[in-house]
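Down below is the structure, laid out as structure tokens.
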Amino acid sequence: MLLAKRTTAARLLIGAAAWLVLEPALVLEPAFAAPAPPRVDAQSIAANSNSSKDWPTYGLDYAETRFSRLKQVNTGNVGKLQGVVAELQYRPEDLANGAAGLLEEVQSGKITGEEEQFSHLDLLDFAANVEGAQQAYASLRPGLEQIDSELVKNIDQQFESVQTTLDGYRDPNAIGGFKPYTPELQASDAAKLTASIQPLHESLSAVAQKVV
């Protein structure tokens, strides 16, 4: 009786294995198609200005208002955020990797012009990522200076160099405060922007192993 049960179980396992091999489409095909992510272009950014339902670009809209019409956070409860934020804790290596990741994103998505191919606000996004990386680095800088003062010196100079490069593209009359990153500008200046950001990215990538 026991042998018969084992034989039956073995046959079921062999049958299941054969079915997986012969009918992979039935196993791998998803039960439903995931919805496509919303398209972010100039038209959707402008339309969102009336509702602030989403935050599709840096500064919320082309006017850089950074003002959301959502009311979940208001003057009556915004004070609670201070207590919540005070309890947040980040590991130094996470901050370091986050800073380096923001600059990697600049090289892979901003300079290539892929992310803002309709609005051409890539330089604005570039500046926002650099600002975020600098904020993360600022939290690590005092301790890092005790560990590797030469690296700190290099990073400080590299941030200053990147900012100087970005300042050359500022335009107070343009949406977002930067020149549109048109295909023509990308063709002429992509290599220059890469050469500016790459040394800083490499230096920030070395920080995590020093602050662990």
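Just so it is clear, none of the values below were taken in a lab; they were calculated from the coordinates. Predicted model, so just to flag it, every value in this text is computed and none were measured. Don't worry about glycine lacking a Cβ; one is built from the backbone with ideal geometry, like all the others, and counts go over all protein chains shown.
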Under a cut-off of 20 Å between alpha-carbon atoms, report the aspartates and glutamates in cross-link reach of Lys110, not counting same-chain residues fewer than 8 places apart. Asp41, Asp61, Glu64, Asp122, Asp125, Glu131, Glu160, Asp167, Asp171, Glu184, Asp189, Glu202
Work out the charge dipole of segment 77-142 with +1 on the Cβ of Lys and Arg and -1 on the Cβ of Asp and Glu about the Cα centre, then indicate which of Gly132, Asn97, Val85 is farthest towards its positive end. Val85
Karplus (6.51, -1.76, 1.60) ³J(HN,Hα), θ = phi - 60°, over segment 179-190, in Hz, Gly and Pro reported as x: 4, x, 8, 6, x, 5, 5, 4, 4, 8, 10, 4
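To the nearest 20 debye, what charge dipole does segment 90-212 have about its Cα centre, counting +1 at the Cβ of each Lys and Arg and -1 at the Cβ of each Asp and Glu?
200 debye
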Expressed as a whole-number percentage, the relative contact order of segment 33-158 with C-alpha contacts under 8 angstrom and at least six residues apart is 21 percent
Debye, to nearest 20: dipole size of segment 93-156, +1 on Lys, Arg Cβ, -1 on Asp, Glu Cβ: 180 debye
Order 139-150, 96-107, 201-212, 66-77 from most to least packed using the mean count of other Cβ atoms within 10 Å. 96-107, 201-212, 139-150, 66-77
Per residue of segment 50-55, in order, report the coupling 6.51 cos²θ - 1.76 cosθ + 1.60 (Karplus, θ = phi - 60°) as ³J(HN,Hα) in whole Hz, putting x for Gly and Pro. 7, 10, 6, 5, 10, 10
Are any of the pairs Lys71/Lys210; Lys53/Lys80; Lys53/Lys153; Lys153/Lys179 more than 32 Å apart by Cα-Cα distance, and if so, which? Lys71/Lys210; Lys53/Lys153
Amide H within-cut-off set for Phe178, under 5 Å, with H built and near neighbours excluded: Asp171
